[in-house]
1. Only residues that are of a type in the set (A, V, I, L, M), open to solvent by 20 Å² or more (accessible area, probe 1.4 Å) and either closer than 20 Å to A:Leu53 by Cβ or in a strand (DSSP E or B) (or both): list them for the range A:98-118, please.
2. Exactly one of (1) at pLDDT below 95; (2) farther than 18 Å from A:Gln171 by Cα is unmet by A:Thr90. Its number?
3. Enumerate the pairs (first residue in the range B:57-75 and more than 8 Å from chain A (Cβ to nearest Cβ); second residue anywhere and open to solvent by 30 Å² or more (accessible area, probe 1.4 Å) and of a type in the set (Lys, Arg)) with beta-carbon separation below 8 Å, excluding pairs fewer than 6 apart on the same chain, so at least 6 apart or on different chains.
4. Can you tell me how many residues in the range A:128-150 are of a type in the set (Lys, Arg) and in contact (Cβ under 8 Å) with a residue 60 or more places away in the chain?
5. Considering only the range B:52-63, I want to know if a residue exists there that is closer than 29 Å to B:Leu141 by Cα and assigned to a helix (DSSP H, G or I).
6. Go through the range B:1-20 residue by residue and tally those that are within 22 Å of the chain's Cα centre (by Cα) and either surrounded by 18 or more Cβ atoms within 10 Å (Cβ to Cβ) or modelled with pLDDT of 95 or more (or both).
7. Kindly establish whether B:Arg139 is within 14 Å of chain A (Cβ to nearest Cβ), open to solvent by 60 Å² or more (accessible area, probe 1.4 Å) and away from DNA strand D (no atom under 16 Å from the Cβ).
8. Please verify whether A:Ala98 is in contact with a Gly (Cβ under 7 Å, 6 or more places away or on another chain) and either within 14 Å of another protein chain (Cβ to nearest Cβ) or at pLDDT 95 or above (or both), treating the condition exactly as stated.
2 protein chains.
Amino acid sequence: MVNDLLKQNIKKNAQLSNSELEEICKYFYPQSIKKKASLLTQGEICKFEGFVLEGCFRIFTIDKKGNENTLYFATRDWWLMDIDSFMNQTPSNLNIQALEDSKVLLINRTDKLALYESIPIVEKLFRVMSQKALVAWQRRLIRNHCETAKERYHYFANTYPNIASKLTDKQIASYLGITHEFLSKIKKQS
Amino acid sequence: MVNDLLKQNIKKNAQLSNSELEEICKYFYPQSIKKKASLLTQGEICKFEGFVLEGCFRIFTIDKKGNENTLYFATRDWWLMDIDSFMNQTPSNLNIQALEDSKVLLINRTDKLALYESIPIVEKLFRVMSQKALVAWQRRLIRNHCETAKERYHYFANTYPNIASKLTDKQIASYLGITHEFLSKIKKQS
DNA sequence: GAAAATAGTTGAACAAGTTCAACTTGATAA
DNA sequence: TTATCAAGTTGAACTTGTTCAACTATTTTC
């Protein structure tokens, strides 16, 4: 079944019956995205939430100075969206771009909101997912404050070796919040 | 009624009946904390979630180098906890310290987990709260990457003037991720 | 398979932020 | 009120990270 990965992922965060799982997954539709194509572009309003089946995405913003800043990467078994734009239905500051030919399952905002109503445990599912994400963001902010760029680079490379291996140094630098020139110098040092 | 502020806060995030509100608030108990006293200390396991009625708290960690790093401040009408330690029941890396004589409403972890079961809309309430918090953390991370210390300082001082006015420059610096000496130089410039 | 575009490297000059130490100011406590 | 302690200021030397420019290597495209 094509939705197996999604079902496994959901089961990690809430205990659902098979019929509930089926009912939820029904609303997700597959989409293929070619390398370099975008699922969302800065200025658009995010009307979907996505789950990566295959490939890799980069979620980034371009600031006033023209610098790209990567919020996170999403690879197989990760969720992806602009939660700010999705919740508030305001224009997104983010770009969601495929780094390689990729496949996602998408759910429309209206369907997702309906699921919260029709299947109460969906509330718990996303409550738990959001809280786990919150923990990750808090930890990352502390690391950004306490650690040097070199330490942050090694942490990233060691913690997510399979993601790091898919990325260019430019993309990694934009995630770490440093220039790619400086990352090049860091890598030479050690 | 002493719980009015809490009820108003909850109502912003989910629509509850009065009886549900009463049932939820029943489990919160007031606690007074003297200036400089701690509600949670690094190494302890966080067994509560709190809501500030009065005063101001600083949530911070002390890293290996001995530097204090402030995750956030919580003043009247804000929530406060170590969500990492609370969820995983692992020793906390955080300290929650009162910056002035303060009052909070606390709910025990076991009571909160029971509320998720007994009042389904509590799931929605914390799902929405978590997602709003997630948005705030993502925005803050982007600001940390795109803006200079000076820009971040002015953003903080302008966005939260009533919090900033309660804080020493040392505390603000530890929130911005810079030294207090450098903050002093920033303030002199402009 | 050649041409063009993009990624990565290096160096030199620079800017942002830290460290340490000495000092001034302000708050707290006895 | 004075003594003490913490907060804030300032300067000099230093480290971390940036900018720009020139170059090399690697992909991508036609």
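1. Taking the range A:98-118 as the starting set, the residues that turn out to be of a type in the set (A, V, I, L, M) are A:98-99, A:104-107, A:113-115.
Keeping just the survivors that are open to solvent by 20 Å² or more (accessible area, probe 1.4 Å) gives A:99, A:113-114.
Scanning the range A:98-118 gives a single hit, A:Leu99.
2. (1)
3. B:Thr75/B:Lys166
4. Residues in the range A:128-150 being of a type in the set (Lys, Arg) and in contact (Cβ under 8 Å) with a residue 60 or more places away in the chain: 1 in total.
5. Checked the range B:52-63: no residue is closer than 29 Å to B:Leu141 by Cα and assigned to a helix (DSSP H, G or I).
6. Kept after step one, since they are within 22 Å of the chain's Cα centre (by Cα), are these residues of the range B:1-20: B:2-14.
Add one more test, that the residue is either surrounded by 18 or more Cβ atoms within 10 Å (Cβ to Cβ) or modelled with pLDDT of 95 or more (or both), and what stays is B:3, B:5-14.
The number of residues fulfilling the criteria is 11.
7. In short, yes.
8. Yes, satisfied.
The values are calculated or read from the model by the stated rules, or taken from the named source; none is laboratory data. Because the structure is a prediction, the values reported are computed rather than measured. Ideal geometry is used to build each Cβ from the backbone, glycine not excepted, and the neighbour counts take in all protein chains shown. With ligands, DNA and RNA removed, areas are computed over all heavy atoms of the protein, side chains included. Shrake-Rupley method; radii C 1.70, N 1.55, O 1.52, S 1.80 Å.
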